[in-house]
């Protein structure tokens, strides 16, 4: 975004206007990306689940394998009647999906799509992501309570308890990487994963010092729980609480929750890729075609998206293979299994760093 | 008026207005929600003061932890899905007077008591400095706080445990 | 929305004493994705812990037994299909066997073999639905699709035999109406080959999956004494450790000619009931193979009088359906219609034990326990 601002001021636009304009433009781009990516992910999920279940999935809408199915669903949701339960608290009811979606949107600020392609290269990148993602829980509680429905409240509280419990292993497992890199800045973390052998996998943090593989698995599990994905999707358990906290939502409000969930999935995968899998680093095969300025950027974006969508594929794979954990088993897993493992990872990383310095 | 000043006034007004809603709202859940946004406004003010670590932690702890705790407490103690919990406030006049007096006193102390520099010196990066300070100069208070938190947790678990027959 | 004000408990039923006033009454159903039909469960919850449970049934009552009094013996056969619509062959078999016992008719060998083959294939189909929906309730969507894929093959077999996919009405008093078509033997053998190769797949998805094991082991235990005193039968009884299978302990037809294992559980929890049915799925395939190999040629219909008018008397006849002991009690008074026609439905009796099973369970376990009993509302409500 700084890049845009510089260009604009160089052209003579007043600073304030340039800043605000750049912010709005970048925001629009991100919202556009989220919409397209979410639609793609929804279609992809339906196709993946279908093929894993010996069926075909959407085939008709738009011709080839029903690629326009998501667009059709989106249009349908937009055109639906806006139903608000009579006893519901209308202000909070309306505010909840906005809070959830806005926080999902806000986490995109620190997603490094490519070299120099970040909305804002914050110094506190990872910490920013962690703090904003805890705002989603607030939105969920607001949604559950304002629907004025026993099941919604139960679902919301379960979801909040789950999200809060799994935040701790999430943070601690990421701390290992931060300790090794020495910075919270996302681009620094990606650049740290370069090495003497260029952009090859064995510089990735996942094979890095200490037990970072453990850290990665711990992070991935905790992130699945944060996104309310299977096997942790008790809050949305269709066969138990009938969609939990967003049961009373329909139409565009429901689509906000849905979009936010998929946006969250992408950010979680993006953070995992950045921290553990080398970010946008990858063999640069584009530069010969597009030149030295544009080439690395395009290659970076390509590798980043490939790795992120691979992780998203794994998330979807897990969803359609595993059963659902019961709420107390979920809590047990978070507090009694993941948390000690992530602490062990942290300790091992610290030990490794000390030994490395002593050599 | 520069952008920063305008932003400061906006954020300050935002935080104060929401804080007023917290105190005056009839519906306790609305008060809690207003508290959340007020805290976010405070986080914005911290960023204007170049304290980015503090701003992130403000959101993480206050909004992501403490207000959620408040909401849990409200939801668990009121009848599930009943009417909103009513807030009973019988001392509005007295508390109003006390609030105004406090505001005047604090305002006098803030404007007369400190020498504010013309421009805030640029801070080097926050997070490493805070980390170093916590681990070296302020290590003892840091450990003491963690023991306090542990005691709080143990106490809460003990209180919440049902009596065994 | 205080639920206690609007809930009226039936006469003579009250929840246990010692209520602390913090309990919540929650309704599961009658419209609920996991109650497998129109069943209402009133749960008394203390937080997430289930304190008590009352099932409310009758939403699917169709006056089956009264209708039976107004139809003659042959006309009742299509009605029996609709009781346990997921295991229609057994409903037919139990009824037809009862009338045969009443009239002293013995069906020929080939007809008995046909009955066994169709019955055991039906057991496979019924257990496939059970496994699919059970996994679905616990969150595993994929097993549902896989099980239905196999079930489609069984339904194709049944369609080739009887022309119907679900409610066959294929048994007759004294034998069977038609013989198997030519293609049946090869189709059946190839189905069994395919099916036996799929069972390890189901194991990978469910039986060997730690999450599924955690959701099933130790949940919803029914002790041996309770199972017997509640008159449970079928996998529910065998899961609780009682070795009782009508095909072994009270053999009917030609079941004494086949070799098959009767699986018995130990603790009576959801896992044991699951494993009993899972092993039964394999054993049924074995029985079908043996029956196909041994099947003689010959008549398929015995000597039956033109009008079915049994002499006055009464009979109780039972079969081991996939859900348990399915019994028909018929009192005849010499007229073409029965005087009293009563169905002993296994799911009805097994469901009555649900309160005992749910003691000490959490709300999320209710779905697992209900799935493990394997109910069909058609036969519970009749």
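The values are calculated or read from the model by the stated rules, or taken from the named source; none is laboratory data. Here the structure is a predicted model, which means the values were calculated and not measured. Please note: Cβ atoms are built from the backbone with ideal geometry, for glycine as well, and neighbour counts cover all protein chains shown.
To keep it simple, each residue is scored yes or no on (1) in contact with a helix residue (DSSP H, G or I) (Cβ under 7 Å, 6 or more places away or on another chain); (2) at pLDDT 90 or above.
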| site | (1), (2) |
| --- | --- |
| C:277 | yes, yes |
| C:283 | no, yes |
| C:307 | no, no |
| C:315 | yes, yes |
| C:333 | no, no |
| C:348 | yes, yes |
| C:362 | yes, no |
| C:368 | yes, no |
| C:376 | yes, no |
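Going by the structure shown, is residue A:128 facing another protein chain (nearest Cβ under 7 Å), at pLDDT 85 or above and either in a helix (DSSP H, G or I) or more than 30 Å from residue A:301 (Cα to Cα) (or both)? Break it down stepwise before answering.
Working: facing another protein chain (nearest Cβ under 7 Å): yes; at pLDDT 85 or above: yes; either in a helix (DSSP H, G or I) or more than 30 Å from residue A:301 (Cα to Cα) (or both): yes.
Taking the combined requirement at face value, the residue satisfies it.
Which residue, of A:355, A:289, A:330, is at pLDDT below 85, within 14 Å of chain C (Cβ to nearest Cβ) and either more than 19 Å from the chain's Cα centre (by Cα) or not in a helix (DSSP H, G or I) (or both)?
On the way: A:355 fails: within 14 Å of chain C (Cβ to nearest Cβ); A:289 fails: within 14 Å of chain C (Cβ to nearest Cβ).
Result: A:330 is the single residue among A:355, A:289, A:330 that is at pLDDT below 85, within 14 Å of chain C (Cβ to nearest Cβ) and either more than 19 Å from the chain's Cα centre (by Cα) or not in a helix (DSSP H, G or I) (or both).
Any idea which of (1) out of contact with any helix residue (DSSP H, G or I) (no Cβ under 8 Å at 6 or more places or on another chain); (2) in a loop (DSSP other than H, G, I, E, B) is the one residue A:51 doesn't satisfy?
It is condition (2) that residue A:51 fails.
State yes or no: is residue A:78 assigned to a helix (DSSP H, G or I), away from every other protein chain (no Cβ under 14 Å) and closer than 15 Å to residue A:256 by Cβ?
Working: assigned to a helix (DSSP H, G or I): yes; away from every other protein chain (no Cβ under 14 Å): yes; closer than 15 Å to residue A:256 by Cβ: yes.
It is true that residue A:78 is assigned to a helix (DSSP H, G or I), away from every other protein chain (no Cβ under 14 Å) and closer than 15 Å to residue A:256 by Cβ.
How many residues are under 11 Å from residue B:39 (Cβ atoms) and facing chain A (nearest Cβ under 7 Å) when one looks only at the range B:62-71?
Total meeting the criteria: 3.
Does the range C:8-51 hold any residues that are away from every other protein chain (no Cβ under 13 Å), at pLDDT below 60 and either more than 15 Å from residue C:354 (Cα to Cα) or out of contact with any strand residue (DSSP E or B) (no Cβ under 6 Å at 6 or more places or on another chain) (or both), and which are they?
C:8, C:9, C:10, C:11, C:12, C:13, C:14, C:16, C:17, C:19
Do we find a residue being surrounded by 16 or more Cβ atoms within 10 Å (Cβ to Cβ) and in contact with a strand residue (DSSP E or B) (Cβ under 7 Å, 6 or more places away or on another chain) anywhere in the range A:314-334?
Yes, that holds for at least one residue.
If I ask for residues that are at the interface with chain B (Cβ under 7 Å from one of its Cβ atoms) and crowded, with 22+ Cβ neighbours inside 10 Å, which ones from the range A:158-179 would you list? Talk me through it step by step, then tell me what you get.
Filtering the range A:158-179 for residues at the interface with chain B (Cβ under 7 Å from one of its Cβ atoms) gives A:160, A:164.
Within the range A:158-179, just A:160 meets the criteria.
Which one of the conditions (1) more than 11 Å from every other protein chain (Cβ to nearest Cβ); (2) over 28 Å from residue A:146 (Cα atoms); (3) in a loop (DSSP other than H, G, I, E, B) does residue A:122 fail to meet, given that it meets all the rest?
Only one criterion in (1) more than 11 Å from every other protein chain (Cβ to nearest Cβ); (2) over 28 Å from residue A:146 (Cα atoms); (3) in a loop (DSSP other than H, G, I, E, B) is unmet by residue A:122, namely (1).
Quick one: what pairs do we get from the range B:40-61, first residue more than 8 Å from chain A (Cβ to nearest Cβ) and part of a helix (DSSP H, G or I), second modelled with pLDDT of 90 or more and surrounded by fewer than 17 Cβ atoms within 10 Å (Cβ to Cβ), C-beta under 8 Å, 6+ apart or different chains?
Note: pairs meeting the criteria are B:41/B:12; B:45/B:12.
Residues are listed down the side, and each one gets a yes or a no for (1) within 14 Å of chain A (Cβ to nearest Cβ); (2) in contact (Cβ under 8 Å) with a residue 60 or more places away in the chain; (3) not in a helix (DSSP H, G or I):
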| residue | (1), (2), (3) |
| --- | --- |
| C:153 | yes, no, no |
| C:161 | no, no, no |
| C:182 | no, no, yes |
| C:188 | no, yes, no |
| C:193 | no, no, no |
| C:204 | yes, no, no |
| C:211 | yes, no, no |
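Could you list all residues from the range A:296-327 that are within 14 Å of chain C (Cβ to nearest Cβ) and at pLDDT below 85?
Pass one, the range A:296-327, residues within 14 Å of chain C (Cβ to nearest Cβ): A:316-327.
Scanning the range A:296-327 gives A:319, A:320, A:321, A:322, A:323, A:324, A:325, A:326, A:327.
Scan (1) within 11 Å of another protein chain (Cβ to nearest Cβ); (2) at pLDDT 90 or above for the single condition residue C:143 breaks and write down its number.
(2)
Could you list, in sequence order, all residues of the range C:213-235 that are assigned to a helix (DSSP H, G or I) and either within 19 Å of residue C:121 (Cα to Cα) or not assigned by TED's automatic domain parsing to the domain that holds residue C:131 (or both)? Steps first, answer last, please.
Step one: of the range C:213-235, the residues assigned to a helix (DSSP H, G or I) are C:213-216, C:224-229, C:235.
Of everything in the range C:213-235, just one residue is assigned to a helix (DSSP H, G or I) and either within 19 Å of residue C:121 (Cα to Cα) or not assigned by TED's automatic domain parsing to the domain that holds residue C:131 (or both), namely C:235.
For the range A:89-101, enumerate the residues that are crowded, with 16+ Cβ neighbours inside 10 Å and more than 10 Å from chain B (Cβ to nearest Cβ). Don't jump to the end; show me each part of the working.
Filtering the range A:89-101 for residues crowded, with 16+ Cβ neighbours inside 10 Å gives A:89, A:92-93, A:95-97, A:99-101.
Those that are crowded, with 16+ Cβ neighbours inside 10 Å and more than 10 Å from chain B (Cβ to nearest Cβ): A:93, A:97, A:100, A:101.
Could you check residue B:99 against (1) touching a helix residue (DSSP H, G or I) at 6+ places or on another chain (Cβ under 7 Å); (2) modelled with pLDDT under 90 and say which number it fails?
It is condition (1) that residue B:99 fails.
Rundown of residues vs (1) in a strand (DSSP E or B); (2) closer than 30 Å to residue A:331 by Cβ; (3) within 20 Å of the chain's Cα centre (by Cα), yes/no style:
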site: C:278; (1), (2), (3): no, yes, yes
site: C:284; (1), (2), (3): no, no, yes
site: C:308; (1), (2), (3): no, no, no
site: C:316; (1), (2), (3): yes, no, yes
site: C:320; (1), (2), (3): yes, no, yes
site: C:336; (1), (2), (3): no, no, no
site: C:342; (1), (2), (3): yes, no, yes
site: C:347; (1), (2), (3): no, no, yes
site: C:372; (1), (2), (3): no, yes, yes
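Select from the range B:126-145 the residues that are out of contact with any helix residue (DSSP H, G or I) (no Cβ under 7 Å at 6 or more places or on another chain) and away from chain A (no Cβ under 14 Å) and list them in ascending order. Don't jump to the end; show me each part of the working.
Narrowing the range B:126-145 to residues out of contact with any helix residue (DSSP H, G or I) (no Cβ under 7 Å at 6 or more places or on another chain): B:128-129, B:131-133, B:135-141, B:143-145.
Within the range B:126-145, B:133, B:136, B:137, B:138, B:139, B:140, B:141, B:143, B:144, B:145 meet the criteria.
Residue check, residue C:228 against (1) surrounded by fewer than 21 Cβ atoms within 10 Å (Cβ to Cβ); (2) farther than 20 Å from residue C:346 by Cα, all met but one. Which one?
That leaves (2) as the condition not met.
Starting from residues that are assigned to a helix (DSSP H, G or I) and touching a helix residue (DSSP H, G or I) at 6+ places or on another chain (Cβ under 6 Å), keep the ones in the range C:130-140 and report whichever is nearest to the other protein chains (Cβ to nearest Cβ). Spell out the reasoning first.
First, pick out the residues of the range C:130-140 that are assigned to a helix (DSSP H, G or I): C:130-137.
Among the residues that remain, those that are also touching a helix residue (DSSP H, G or I) at 6+ places or on another chain (Cβ under 6 Å) are: C:131-132, C:134-137.
Values: C:131: 12, C:132: 11, C:134: 10, C:135: 7, C:136: 7, C:137: 5 Å.
Among them, the one singled out is C:137.
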